[in-house]
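Worksheet: the structure to be examined is printed underneath.
Nothing in this text is a laboratory measurement; each read-out follows from the coordinates by a stated rule. It should be emphasised that the depicted structure is a prediction, and the values quoted were computed from it without experimental measurement. Cβ atoms come from the backbone with ideal geometry, glycine included; neighbour counts cover every protein chain shown.
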C-alpha cells in the first residue's frame, strides 16, 4: 500500500470502526492470552483491545508504510511484551505448534495466496489453539453484489493493496483444517459499499488430534 493511502487509512476506517469493528474486536480479543501472533497487523487497529496481562504479542506487518505507523503506535503504548516483525503470511519462519492464538483482521482478502497463508496459520498454532478472524468476504452466489464483486475485483485489487472482493474465506478455513467454535455472518452498515459489506467474524480452532 502506498504511503499516501496508509496516511489516510485510519481516518477512512474510523466510521466503520465505530459502526461495527470496535464491538467485534472487543468481543474477540478480550480473552486472548499466552503466545499470540497477529498476521497483517496493519497500522495497529487491534492494539487497544489486547489484554494487558499474560500476553506475549508478536505483530507481523510486511507493508513498510503500514509498519511505520504501527511502530509509532507501539512506541506510544510502552508495552514490553510486544515484538514487531515483517513476515509474509504465506511463509512464516516460525516453529510448528508455537502459538496459543493467531489473529487476523481484514487480512485474507489481500494476501497473495489465501490457502497457503491459512495453512501456515494452522501450522504455527498449537493443537487446540485458536484463530480469531474478522474478514469481508464474497457475497452470496448469484446475488447482484457478487456479480459486481467478480467484475470489479481485477481492477479493485490494483488500487487497494491486492484486496479481493470475492474471496470465499470461510470455505478456505475449512480446507485448511480449522473447525469453527463460533462464526457470525454479518452485513456491514449501509454506509459501506455493497461490494465490501458481506463479512464474517469469529473463532476457529486447530483440533487436538
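Within the listed set 76, 84, 58, the residue fluctuating most in the Gaussian network model of the chain (springs between alpha-carbon atoms under 10 angstrom) is 76. Under a GNM of the chain (C-alpha, springs under 10 Å), which listed residue has the highest mean-square fluctuation: 69, 184, 78? The residue that fluctuates most here is 78. Which one of 143, 105, 86 has the biggest mean-square fluctuation once the chain is modelled by GNM with Cα springs under 10 Å? Maximum fluctuation in the GNM of the chain, among the listed residues, is at 143.
May I ask you to derive the FRET efficiency for residue 150 and residue 91 from their Cβ-Cβ distance with R0 = 35 Å, giving the value to the nearest 0.05? The computed FRET efficiency comes out at 0.75. Summarising the label geometry, the points placed 7 Å from Cα in the beta-carbon direction at residue 84 and residue 68 lie 1.1 nm from one another. Annotation: Cα Rg of the chain relative to the compact-globule expectation 2.2 N^0.38 Å equals 0.97.
Between residue 194 and residue 141, the simple spin-label model (points 7 angstrom out along Cα→Cβ) gives 2.0 nm. Our estimate of slack between residue 33 and residue 168, defined as 0.36 nm per intervening residue step minus the Cα-Cα distance, is 45.7 nm. Per-residue ellipticity at 222 nm, computed for the chain from helices alone with -39500 (n - 2.57) per DSSP H run of at least four residues, works out to -10500 deg cm²/dmol. If you average 1/r over every pair of different alpha-carbon atoms in the range 8-128 and take one over that average, what Kirkwood value in Å do you get? The Cα-based Kirkwood calculation yields 14.8 Å.
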